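The values are calculated or read from the model by the stated rules, or taken from the named source; none is laboratory data. Owing to the predicted nature of the structure, the values given are computational and were not obtained by experimental measurement. Here the Cβ is made from the backbone with ideal geometry for all residues, glycine too, and neighbour counts use every protein chain on show.
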Amino acid sequence: MTAVLPRRPRAPLSQAFRAARDLVDPAVFDFWAAKVNPLWSWERPMARLKARRQASSDAVTLVLQTNRHFAGLRPGQHVNLGVEVEGARLTRSYSPSAVDGDKIEITVREVDGGRVSRHLCRDAKVGEVFDLGTAFGAMTLPAAVHGSWLFLAAGSGITPLMAMLRQLDVAGMPVELDLLYWARTRAEVCFAEELQTLAARHDGFNLQLALTREDDGRGAFAPRIGQADLAALVPQLDQRSVFACGPHGFVQRARELLEGRVQRFDAEAFTPPQALPGETGTVEVVLSRSGRTLTVPRDRSLLQALEEQGVRPASGCRMGLCNTCACTRSAGITRDTQTNARSAEPDATVRICISAAATDLTLDL
Ligand SMILES: Cc1cc2nc3c(=O)[nH]c(=O)nc-3n(C[C@H](O)[C@H](O)[C@H](O)COP(=O)(O)OP(=O)(O)OC[C@H]3O[C@@H](n4cnc5c(N)ncnc54)[C@H](O)[C@@H]3O)c2cc1C
Ligand code: FES
């Protein structure tokens, strides 16, 4: 069975608004407009926290109302959220777990020592306003969806898969879908009740929870993905289109097990790979726009090195996915922290979250 999934286009900006853009300083407009309505801005995509609810013992779902400047996103995509934490504006990526016109929901798991996740899980109040980036990510369902699917989730990696599962639910579950969802304990399973309800509602949807730190009543713990017999758990595994999401190690293992052996394999990781051993010593980095010259270590990403010196370049995912940190390197050589490959072309664009300085550099920052 093939089904066409619904899309919700956003209203275009009015012509008058575009014409006035040249006459107004957006920052000044935003400052005064926010005093009337916190979501009014000249062109900044923003969202207001409308409601919050517990999603599991360590995760919270935040319901966000977006303003008209947010161009929307498709279930499965991610968005950068700018959050004020103790006077500093920090940006992290989140994959909405529900998408409905100008309302999106993000489900955030509190990470030990994590600044933004702690704030969102514990302190963010209804009414708080966040900056939003442009949606990114290619792990989305095709417009005409058919066949047999397998979703593999670990921890907070359930969020984009949940958004797509809800999309399929609205479309009447036009595909065969198995969801294998790894969590440490039952209490940490997000959307537990809704998942059971969906499994009861749709014959085509099969849910399997794998609890790695809670026994299944017979004294056994679920194996991690590397030890699990996926072919025994999922009928006709080779016929499946697979989406996997979770920490880097989980996604990497899923890729090793399935890529090339199933109909299609797509994956997104929420954590970066372990950094490769870097080069030692320091180099000079010239920030040409701000006129500063800094001495930075070569063994870490430029983003981290600059932040350590109080510079706050635009950033988001911090792992090379969203392009928010991209800037021009007009001189010098950088090293890709994920592959150790060096890049020396003049006037190249570099993502500073996954680039370290190999030599003295000039960056357009
Ligand atoms: C594309 C993308 C989508 C994402 N979607 C979601 C989502 O829907 N829900 C969600 O809860 N998170 C999601 N994340 C993770 C999220 O962006 C943050 O990394 C996470 O909330 C932690 O931020 P923090 O400021 O609290 O931690 P930080 O202050 O940045 O880090 C604190 C410590 O925690 C470690 N750490 C950072 N992130 C993680 C993590 N995810 N798991 C384990 N340890 C970590 C760091 O290494 C560091 O030691 C996503 C990440 C990406 C790249
Ligand atoms: S912060 Fe997303 S690519 Fe660098």
Checklist outcome for this item: Filtering the range 261-275 down to residues that are farther than 12 Å from residue 138 by Cβ, within 16 Å of ligand 1 (Cβ to nearest atom) and assigned to a strand (DSSP E or B) yields 269
Next on the checklist: Being within 13 Å of ligand 2 (Cβ to nearest atom) and within 24 Å of residue 79 (Cα to Cα): is that true of residue 304 here?
Outcome noted: yes
Next on the checklist: Please count how many residues of the range 308-334 are of a type in the set (A, V, I, L, M, F, W, C), touching a Lys or Arg at 6+ places or on another chain (Cβ under 7 Å) and within 15 Å of ligand 1 (Cβ to nearest atom).
Outcome noted: 1
Checklist outcome for this item: The residue from 178, 131, 123 that alone is away from ligand 1 (no atom under 11 Å from the Cβ), without any contact (Cβ under 8 Å) to a residue 24 or more places away in the chain and of a type outside the set (A, V, I, L, M, F, W, C) is 123
Item to check | Odd one out for residue 17 among (1) over 26 Å from residue 244 (Cα atoms); (2) in contact with a strand residue (DSSP E or B) (Cβ under 8 Å, 6 or more places away or on another chain); (3) at pLDDT below 95 | outcome: (2)
Item to check | Given (1) under 20 Å from residue 106 (Cα atoms); (2) not assigned by TED's automatic domain parsing to the domain that holds residue 91, index of the condition residue 128 fails | outcome: (2)
Checklist entry - Quick one: in the range 215-246, which of the residues that are buried (at least 16 other Cβ atoms within 10 Å of the Cβ) and in a loop (DSSP other than H, G, I, E, B) is modelled with the highest pLDDT? => result 234
Next on the checklist: Among the listed residues 89, 74, 53, identify the single one that is out of contact with any Phe, Trp or Tyr (no Cβ under 9 Å at 6 or more places or on another chain), at negative phi and not in a strand (DSSP E or B).
Outcome noted: 74
Checklist entry - All but one of (1) surrounded by fewer than 22 Cβ atoms within 10 Å (Cβ to Cβ); (2) farther than 18 Å from residue 244 by Cβ; (3) not acidic (Asp, Glu) hold for residue 145; which doesn't? => result (2)
Item to check | Candidates 108, 116 - the one that is in a strand (DSSP E or B), within 6 Å of ligand 1 (Cβ to nearest atom) and either buried (at least 23 other Cβ atoms within 10 Å of the Cβ) or hydrophobic (A, V, I, L, M, F, W, C) (or both) | outcome: 108
Item to check | Filter result (near ligand 1 (Cβ under 9 Å from one of its atoms) and free of Cβ contacts under 8 Å to residues at least 60 places away in the same chain) within the range 75-100 | outcome: 79, 81, 83, 85, 90
Next on the checklist: Looking for something of a type in the set (A, V, I, L, M, F, W, C), in a loop (DSSP other than H, G, I, E, B), surrounded by 19 or more Cβ atoms within 10 Å (Cβ to Cβ) and out of contact with any strand residue (DSSP E or B) (no Cβ under 6 Å at 6 or more places or on another chain) - is there at least one such residue anywhere in the range 181-189?
Outcome noted: no
Next on the checklist: Scan the range 316-328 and tell me whether some residue there is in contact (Cβ under 8 Å) with a residue 12 or more places away in the chain and either over 28 Å from the mean Cα position of the chain (by Cα) or in the same structural domain as residue 81 (by TED's automatic domain parsing) (or both).
Outcome noted: no
Checklist entry - Does residue 204 satisfy the criteria of being under 24 Å from residue 225 (Cα atoms), over 25 Å from the mean Cα position of the chain (by Cα) and in the same structural domain as residue 227 (by TED's automatic domain parsing)? => result yes
